[in-house]
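Take a look at the structure below.
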Amino acid sequence: MSTVLITGASGGIGYELAKLFARDRHTLVLVARSGDKLAQVANELQALGVTVKTFALDLGAPPSPKFLYDQLQREGVAVDILINNAGFGTWGEFAQMPEEQIFGQIQLNIVALTELARLFLPRMIARGSGRIMNVASTAGFQPGPLMAVYYATKAYVISFSEAIANEVRDSGVTVTCFCPGATHTGFAERAGNDKSRLFKIAAMGAEKVALDGYRAVMEGRTLAISGAQNWLVAQSTRFTPRKLVTAISRWVSEDAKA
């Protein structure tokens, strides 16, 4: 079966995707910052009879994407499906946010994702087959006060993914942009917005979201939004005045008690 590389695979959507690919007997290459969590995931999935290779890497560190690619090349591992899932956000006003959090989001959510796509895509095109799924967010369809940088990074992922999907349309390779909405994972706790209205009223389970993403990439869809409510919200931003969209976006990002 195919070899699947999943970033951000130690928990949340990445972990659930890894389970789905393992159940369909794909070989897995899993990447995350936590070596201990990765080892636990690998042991669980190897019990299903699949081969699992792990890399404990912080892809937000500039050398890491190229290091990962070079190591897989040295080991003769050809990646058939790339799942660019790793990413993070930080809640708070931009002017008060530490620089390392601002540029850390850009480095991981944009630069690392772009570099991994650029490293693996040419070999897929040369083989005439392959799949890439870049995990964006419904956040990418509107501005996001209190998470301005995160929302902007996801807007980049949507635009970038749709563009390269068009470029490779006749190559045998597909590029999918997958857009979950709020999802019950460790993301919100790390971001600091787990008490927001968004996560109080609209969050989906990671298992259901991952299944939507799995189907989207395997069907080769260019853009997929998880959940009917999220689809409606994303579509509504096309027709609603931008100031109103931004105001609503801020309201849902605020603390539910505010």
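The values are calculated or read from the model by the stated rules, or taken from the named source; none is laboratory data. All of these numbers come straight from a predicted model, not from anything done at the bench. Every residue, glycine among them, receives a Cβ derived from its backbone with ideal geometry; neighbour counts consider all protein chains shown. Each accessible area value is taken on the protein alone, full model and side chains, heavy atoms only, with ligands, DNA and RNA left out. Shrake-Rupley method; radii C 1.70, N 1.55, O 1.52, S 1.80 Å.
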Q. When the range 1-56 is examined, which residues are found to be of a type in the set (Ser, Thr, Tyr) and either surrounded by fewer than 21 Cβ atoms within 10 Å (Cβ to Cβ) or free of Cβ contacts under 8 Å to residues at least 24 places away in the same chain (or both)?
A. Ser2, Thr3, Thr27, Ser34, Thr51, Thr54
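Only one of Ala216, Ala210, Ala247 is in a helix (DSSP H, G or I) and within 23 Å of Asn166 (Cβ to Cβ); which?
Details: Ala210 fails: within 23 Å of Asn166 (Cβ to Cβ); Ala247 fails: within 23 Å of Asn166 (Cβ to Cβ).
Answer to the selection: Ala216.
Rundown of residues vs (1) surrounded by fewer than 18 Cβ atoms within 10 Å (Cβ to Cβ); (2) in contact with a strand residue (DSSP E or B) (Cβ under 7 Å, 6 or more places away or on another chain); (3) not polar (S, T, N, Q), yes/no style:
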{"position": "Met124", "(1), (2), (3)": "no, yes, yes"}
{"position": "Arg127", "(1), (2), (3)": "yes, no, yes"}
{"position": "Gly130", "(1), (2), (3)": "no, yes, yes"}
{"position": "Ala139", "(1), (2), (3)": "no, no, yes"}
{"position": "Ile158", "(1), (2), (3)": "no, yes, yes"}
{"position": "Ala163", "(1), (2), (3)": "yes, no, yes"}
{"position": "Gly172", "(1), (2), (3)": "yes, no, yes"}
Q.
I need the full set of residues from the range 85-100 which are touching a helix residue (DSSP H, G or I) at 6+ places or on another chain (Cβ under 8 Å) and in a helix (DSSP H, G or I), in order please.
A. Phe94
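When you check Asp36 against the structure, is it modelled with pLDDT under 95, among the charged types (D, E, K, R), farther than 30 Å from Val252 by Cβ and more than 19 Å from the chain's Cα centre (by Cα), yes or no? Give the derivation first.
Working: modelled with pLDDT under 95: yes; among the charged types (D, E, K, R): yes; farther than 30 Å from Val252 by Cβ: yes; more than 19 Å from the chain's Cα centre (by Cα): yes.
It is true that Asp36 is modelled with pLDDT under 95, among the charged types (D, E, K, R), farther than 30 Å from Val252 by Cβ and more than 19 Å from the chain's Cα centre (by Cα).
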Q.
Could you list, ordered by first residue, the pairs with Cβ atoms under 6 Å in which the first is in the range 152-173 and β-branched (Val, Ile, Thr) and the second is assigned to a helix (DSSP H, G or I) and open to solvent by 10 Å² or more (accessible area, probe 1.4 Å), at least 6 apart or interchain?
A. Thr153/Ile110; Ile158/Gly140; Val173/Ile125
Q: Can you run down the residue pairs with Cβ atoms below 8 Å, 6 or more apart or on separate chains, where the first is in the range 112-135 and in contact (Cβ under 8 Å) with a residue 24 or more places away in the chain and more than 20 Å from Arg33 (Cβ to Cβ) and the partner is outside any strand (DSSP E or B) and among the charged types (D, E, K, R)?
A: Met124/Asp80; Ser129/Asp80; Gly130/Asp80; Gly130/Arg123; Arg131/Asp80
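Select from the range 1-32 the residues that are over 15 Å from the mean Cα position of the chain (by Cα) and charged (D, E, K, R) and list them in ascending order. Step through it out loud before you land on a result.
Our first condition is that a residue be over 15 Å from the mean Cα position of the chain (by Cα); within the range 1-32, this holds for 1-3, 19-29.
If the condition is that a residue be over 15 Å from the mean Cα position of the chain (by Cα) and charged (D, E, K, R), then Lys19, Arg23, Asp24, Arg25 are the ones that fit.
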Q: Only residues in the range 227-240 that are on the phi > 0 side of the Ramachandran plot count as the first member; pair them with residues that are surrounded by 13 or more Cβ atoms within 10 Å (Cβ to Cβ) and among the hydrophobic types (A, V, I, L, M, F, W, C), Cβ under 8 angstrom, at least 6 apart or cross-chain, and list the lot.
A: Gly227/Met204; Gly227/Val209
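Every residue, every condition in (1) modelled with pLDDT under 90; (2) touching a Gly at 6+ places or on another chain (Cβ under 7 Å), yes or no:
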{"position": "Cys177", "(1), (2)": "no, no"}
{"position": "Ala191", "(1), (2)": "yes, yes"}
{"position": "Ala203", "(1), (2)": "yes, no"}
{"position": "Glu207", "(1), (2)": "no, no"}
{"position": "Val217", "(1), (2)": "no, no"}
{"position": "Gln229", "(1), (2)": "yes, no"}
{"position": "Thr237", "(1), (2)": "yes, no"}
{"position": "Ser249", "(1), (2)": "yes, yes"}
